[in-house]
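Below: one structure, written as structure tokens.
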Amino acid sequence: MSTERPRNRRRVRAALTSLAAALTAALLLTTPATATPATAPAATTPPATATAAAPELLLGQSTKGALDDFSTFATGADGGSVYYELRKGDWVGPAHRAFAEHVAARGGTVQVGISWKDNPPGFNGGDESAKAARSRAVTAEIASGGHTASLDRLVAFANAYPRATFKLRLDYEVSSFYHCTDASCSSYKNAFNRLAGHLEGRSTPRNMQFVFHPVRGEFEAMYPGDAAVDWMGVSVFAHELCLPIHDRGYLYNGTPPQNYDIGAGQCRNAYIGTDAHGNPAAVWRNFDHDANVLKLVKFARDHGRPVVLAEAGMMNFTADNGSTHGLEEQRGDQWVKRLFSLMNYRGPIPNLPGEHDLRGVIRSVVYINLDFRYGWDGIDDGSFDFAPDTTWFVDGRLSRYTAARASFCRGLADNGFTARCR
């Protein structure tokens, strides 16, 4: 499919927009709407984004409550994260739109997850496999030009706020199961390009940037191409930082048991090093970061694309004591430190030769600063709670955890974020 778009001009515009946002959004988000660890040797390849503007901090997800809690101890967040549903042709809920409006009116960055896999247009019930089949069909329909009218409300909203930046995820945590109709995944690649072209063509202030946000292991196979992708996204919860999860009486991590050190809370993987004689050899080492996350960041660097940690949350750490509070203070502090160490990673990558410098590639962090025990929006209104016998989702508000909050504040300062703690 042809995707002839003014890429060079858009790249310059996007860079200038990002620079302006980094310098101004911090103040704008806190004023009325009327106001305008690595020790390995450095790699030989310098980071692609070493001269970029300050990284941005966005708060999610879905409601202004995330920003309100952050504002109790810090200031200068650059924006927030919300969701828009293709099936409805509208924001997922009123709180999403209200939060987007609050951020956009102040010239900040609004990350929008444009979803169809979770509730595909035309899906009228069935199991997860049936839903996934319909999602794949919708992906193919988008690639052929369908469903674009469902984006009219979002386009009008973005056009109404020319000072804001809209970071659009064209579905999120995309995977072959939900988005690919064949082995080449041409369906999703073409759908991404079609949507990006449609949205940009209708953006009068040209304030849209497009995010490819895959699951960890499928980023290369599903990549839509440099012509359409502005950012690469990845979710960072417990598995991605090699931390364990306690839930319903068992300890779990998303890596095979033989590749996980429970005591250290680390992934154990081989990388291509050298033996005592200087010959290439598999070398085993414990890692603080999942191999697929490191590889995705390297892939983005190699393609000259910045990375947004599009969903990042301190959660899933509670002990199995029947409570929704437990290990957040201890594990949460560890999680925060590993989050920022990922931004500064230099060292080996499992199953790849050499040393790799990934510093400066991650340019945006979306921290989910909500009490997730009450559902995805963190609102305790009785509409949706997670089952009381599960502790997968807990209170992730930084204001609740002294050590994790202090480490987060240090991470903001040490990495040059405009957002700072008081």
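The values are calculated or read from the model by the stated rules, or taken from the named source; none is laboratory data. Computed from a predicted model, the values in this text were never measured in an experiment. No Cβ is skipped: glycine too gets one built from the backbone with ideal geometry, and neighbour counts run over all protein chains shown.
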Requested in this report: Name every residue in segment 138-151 that is within 18 Å of Lys88 (Cβ to Cβ) and touching a helix residue (DSSP H, G or I) at 6+ places or on another chain (Cβ under 9 Å), in order of residue number.
Outcome: Val138, Thr139, Glu141, Ile142, Gly146, His147, Thr148, Leu151
Report task. Restricting attention to segment 278-323, report how many residues are at pLDDT below 80, farther than 15 Å from Leu243 by Cβ and in contact with a strand residue (DSSP E or B) (Cβ under 7 Å, 6 or more places away or on another chain). Result -> 1
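Looking only at helices (runs of 4 or more DSSP H) that fall completely inside segment 1-112, which ones have 3 or more residues that are buried (at least 16 other Cβ atoms within 10 Å of the Cβ) and modelled with pLDDT under 60?
Numbers: elements: 7-28, 65-70, 94-105.
Those helices (runs of 4 or more DSSP H) span 7-28.
Mind listing just one residue for me: the one in segment 352-370 that is among the charged types (D, E, K, R) and over 18 Å from the mean Cα position of the chain (by Cα) and, of those, surrounded by the fewest Cβ atoms within 10 Å (Cβ to Cβ)?
Glu355
I need the full set of residues from segment 178-231 which are outside any helix (DSSP H, G or I), among the polar types (S, T, N, Q) and either in contact with a His (Cβ under 6 Å, 6 or more places away or on another chain) or surrounded by fewer than 18 Cβ atoms within 10 Å (Cβ to Cβ) (or both), in order please. Reasoning before the result, please.
Filtering segment 178-231 down to residues outside any helix (DSSP H, G or I) leaves 180-185, 202-215, 223-231.
Of the ones still in play, those that are also among the polar types (S, T, N, Q) are 181, 184, 203-204, 207, 209.
Within segment 178-231, Thr181, Ser184, Ser203, Thr204 meet the criteria.
Name the one entry in Gly217, Gly225, Gly201 that is of a type in the set (Gly, Ala, Ser) and under 30 Å from Arg331 (Cβ atoms).
Matching residue, one of Gly217, Gly225, Gly201: Gly217.
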**Report entry** Output for segment 263-290, where each listed residue is in a loop (DSSP other than H, G, I, E, B) and touching a Lys or Arg at 6+ places or on another chain (Cβ under 6 Å)
**Finding:** Asp288
Report task. Quick one: which residue in Leu168, Leu154 is buried (at least 19 other Cβ atoms within 10 Å of the Cβ), of a type in the set (A, V, I, L, M, F, W, C) and either touching a Lys or Arg at 6+ places or on another chain (Cβ under 8 Å) or part of a helix (DSSP H, G or I) (or both)? Result -> Leu154
**Report entry** Residues (under 24 Å from Cys180 (Cα atoms) and over 22 Å from the mean Cα position of the chain (by Cα)) located in segment 95-131
**Finding:** Pro121, Gly122, Phe123, Asn124, Gly125, Gly126, Asp127, Glu128, Ser129, Ala130, Lys131
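Of all residues in segment 324-365 being polar (S, T, N, Q) and closer than 17 Å to Gly396 by Cα, which is modelled with the lowest pLDDT?
Thr324
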